[in-house]
Amino acid sequence: LHFDTGNVKSDLGPAFARRFPEAVAGLDAHATQRGGFGGVVEQRSVTLPTFEFTLSELPVRLIHTEVLLGDPTSAMPDVSGSLGADFVLYFKRLTIDYRNMFVSGDL
């Protein structure tokens, strides 16, 4: 996963959908608009009610996380997604150590 604190909401990409097909099975696909400095595009996606994982032995639970169902031949087909500001705000305190390349948090 990419770490993108400038992204308001975490999202998951086509690589996540391919690696974990059971996580997206049965969810209704819908159109979503994605924007950035390159403009706005419309993509198909599904929304996970909850996305749970572990960070340094701490449970993380994000809600309403979109999984983009994009073209696997796109510019970044192996990107599993990005962790955005909702991930940062999940913690009381989040340490981002660029020198030693780790992220840790306090709940």
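The values are calculated or read from the model by the stated rules, or taken from the named source; none is laboratory data. These numbers were taken from a predicted model, which means no experiment stands behind them. Quick reminder, even Gly has a Cβ in these numbers, built from the backbone with ideal geometry, and neighbours come from all protein chains shown. For the accessible areas, the whole protein counts, side chains as well, though only heavy atoms, and no ligand, DNA or RNA atoms are used. Shrake-Rupley method; radii C 1.70, N 1.55, O 1.52, S 1.80 Å.
So what does log10 I(q)/I(0) come out to for the stretch 27-71 at q = 0.33 Å⁻¹, using the Debye formula with one equal point on every Cα and no solvent?
These q points yield log10 I(q)/I(0) values of -1.10.
For a quick check of your reading of the filter: which chymotrypsin sites (Phe, Trp or Tyr not before Pro) in the stretch 1-60 sit in a DSSP loop and have no more than 10 other Cβ atoms within 10 Å? Can you show the working numbers first?
Details: sites: Phe3, Phe16, Phe37, Phe51, Phe53; in loops: Phe37.
Those that pass, being in a loop and sparsely packed, are Phe37.
Regarding the chain, what whole-number volume in Å³ per residue does the convex hull of its Cα atoms give?
On the way: hull volume 12.5 nm³, N = 107.
Per-residue hull volume (Cα only) is 117 Å³.
Suppose every Lys and Arg Cβ carries +1 and every Asp and Glu Cβ carries -1, with no other charges. What dipole size does the chain come out with about its Cα centre, to the nearest 20 debye? Don't skip to the answer; put the middle values down first.
Numbers: 9 positive and 13 negative charges, 32 e Å.
Rounded to the nearest 20 debye, it is 160 debye.
Using a probe radius of 1.4 Å on heavy atoms only, what accessible surface per residue do you get for the chain? Whole Å² is fine.
Numbers: 7030 Å² over 107 residues.
Per-residue value: 66 Å².
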